[in-house]
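Colleague: One structure coming up, written as structure tokens, with questions to follow.
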Amino acid sequence: MKKLIANDWDEILDPVFESESYQRLRNFLKEEYRTKQIYPDMYHIFTAFKLTPFNKTKVVILGQDPYHNPGQATGMSFSVNPGVRLPPSLVNIYKELYDDVGAVPVNHGYLKSWADQGVLLLNSVLTVPYGHANAHQGKGWEEVTDAAIKALSDRGGVVFILWGRFAQNKIPLINQDKNFIIKSAHPSPFSANRGFFGSRPFSRCNAALIKFGESPIDWQLPSQVGQDDLA
């Protein structure tokens, strides 16, 4: 079978990619992409995995599914393309980032520099139709992303940042003796004041990485994103 990701994730996820359920998902997506506007474009579905190989992953920030409006989705959770207005959740993430570690907010929402350092920006569901959040839930993506979470958990030494109930539903997949979980309310405007603000996930993540013998993440995003920086 053609390698979908072109790094060590292919071997980790190959049993899922070879399964009948994944073939059903592929057939479903072919028709969805043919008849609807689906995000991200088919060439960026696996961007998170491509940018952050299995053996380089040391942090997972888990989202639900891609942004569902034009031009937003990048294939990385919470990230949007340069030039796109910052979604409210990302605005709140930047506020907490500044309060927590002093990282200065930037005028773009492109998070590739985190991915390049080993932060897997993973959505549980990797595609979405225009204007219909979570419409591809239950179509088969969860088998892929749950397998990725479980493989990282089994390897150990990973910090899982889980914002909101949806992400925290994945806790049973994670071996807490070998990994570190940071959980709080979601950064959306509906819940950020209920425990996201003040939760200090970024400094706590770096403290855990140091205990694991890993280098901390430089959370400061570059002020500008050039064409060469795009995935």
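The values are calculated or read from the model by the stated rules, or taken from the named source; none is laboratory data. If you're wondering where the values come from, they're calculated on a predicted model, not measured in any experiment. When we count neighbours, we look across all protein chains shown, and the Cβ atoms used for this are built from the backbone with ideal geometry, even at glycine. Calculation scope for accessible area: heavy atoms of the full protein, side chains included, ligands and nucleic acids excluded. Shrake-Rupley method; radii C 1.70, N 1.55, O 1.52, S 1.80 Å.
Colleague: How much accessible surface does Lys139 have with a 1.4 Å probe, in Å² rounded to 10?
Modeller: Only protein atoms counted, so the area is about 100 Å².
Colleague: How long, wide and thick is the stretch 108-173, going by the Cα atoms along their three principal axes, in whole angstroms, largest first?
Modeller: Here the spans come out as 36, 33, 20 Å, largest first.
Colleague: For q = 0.15, 0.18, 0.22 Å⁻¹, what log10 I(q)/I(0) does the stretch 40-83 give under the Debye formula with an equal point scatterer on each alpha carbon and no solvent?
Modeller: Computed log10 I(q)/I(0) values: -0.38, -0.53, -0.76.
Colleague: Which whole-Hz couplings ³J(HN,Hα) result when phi for each residue of the stretch 215-231 is put into the Karplus expression 6.51 cos²θ - 1.76 cosθ + 1.60, θ = phi - 60°, listed in order with x for Gly and Pro?
Modeller: Once rounded to whole Hz, the list reads 6, x, 7, 7, 7, 5, 7, x, 5, 10, 10, x, 4, 5, 8, 6, 7.
Colleague: Right, next: Just from its helices, what would the mean residue ellipticity at 222 nm be for the chain, if runs of 4 or more DSSP H residues each count -39500 (n - 2.57) and the sum is divided by every residue, rounded to the nearest 500 deg cm²/dmol?
Modeller: -10000 deg cm²/dmol
Colleague: Could you tell me how many cubic angstrom of Cα convex hull volume the stretch 96-221 has per residue?
Modeller: 126
Colleague: Need one number: the % of Cα-Cα pairs in the chain sitting beyond the 33 Å mark. Provide the component values of the computation, followed by the final result.
Modeller: On the way: 2995 of 26565 pairs.
I get 11 percent for the Cα pairs in the chain exceeding 33 Å.
Colleague: When the label point is put 7 Å from the Cα of Gln220 along its Cα-to-beta-carbon vector, which residues of the stretch 71-100 have a backbone N closer than 16 Å?
Modeller: 97-100
Colleague: If each Cα of the stretch 1-132 is one equal point scatterer, what is log10 of I(q)/I(0) from the Debye formula at q = 0.15 Å⁻¹?
Modeller: With no solvent term, the Cα-only Debye profile gives -0.76.
Colleague: Accessible area of the chain with a 1.4 Å probe: how many percent of it is carbon plus sulfur?
Modeller: On the chain, the fraction of accessible area on carbon and sulfur atoms equals 50 percent.
Colleague: What whole number of Å gives the distance from the Cα centroid of the stretch 3-78 to the Cα centroid of the stretch 160-231?
Modeller: Distance between centres, Cα-based: 20 Å.
Colleague: At q = 0.22, 0.23 Å⁻¹, what is the log10 ratio I(q)/I(0) for the stretch 55-166, with the Debye formula run over Cα points and no solvent?
Modeller: The Debye formula, applied to the Cα set alone, gives -1.36, -1.43.
Colleague: Work from the charge dipole of the stretch 103-229 (Cβ charges, +1 for Lys and Arg, -1 for Asp and Glu, about the Cα centre) and give the residue of Val225, Val128, Ala185 farthest towards its positive end.
Modeller: The one lying farthest along the dipole's positive direction is Ala185.
Colleague: Considering all projection directions equally, how large on average is the shadow of the alpha-carbon convex hull of the stretch 12-57, in square nanometres?
Modeller: Over all viewing directions, the stretch 12-57 projects a mean Cα-hull area of 3.7 nm².
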